[in-house]
Amino acid sequence: MSITQQYLLDTYRARQHGEPAPPAPGAQDWQVVREWRDYRLFRAVLAERPVRGRIRRALDRRLHLTR
């Protein structure tokens, strides 16, 4: 059974029982990616490691230009 078929079956069952429909497959993928990134950055701060990323590089460039 494919993901789409399972989603349609779950939607049908939810409608029969008067429950809200489940979220569509893939609807929350970007939210999961953002939460994983935030968790990784949080763990880096707890471990007292420098946080890497676009903001960090931009701040480094800005600080090195003003010296």
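The values are calculated or read from the model by the stated rules, or taken from the named source; none is laboratory data. All figures in this text were calculated on a predicted structure; none of them were measured in a lab. Cβ atoms come from the backbone with ideal geometry, glycine included; neighbour counts cover every protein chain shown. What goes into the accessible areas is simple: the full protein's heavy atoms, side chains included, and nothing from ligands, DNA or RNA. Shrake-Rupley method; radii C 1.70, N 1.55, O 1.52, S 1.80 Å.
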* Dimensions of the chain along principal axes (Cα, Å, largest first)? -> 67, 23, 23
* Roughly speaking, to the nearest percent, how much of the chain's 1.4 Å accessible area is carbon and sulfur? -> 56 percent
* **Mean residue ellipticity (222 nm) of the chain, computed from DSSP H runs ≥ 4 via -39,500 (n - 2.57), nearest 500** => -22500 deg cm²/dmol
* When ligands, DNA and RNA are left out and all protein chains stay put, how many square angstrom of accessible area per residue does the chain have with a 1.4 Å probe? -> 99 Å²
* To do: Using +1 at the Cβ of each Lys and Arg and -1 at the Cβ of each Asp and Glu in the chain, identify which of Pro23, Leu8, Val45 lies farthest towards the dipole's positive end.
  => Val45
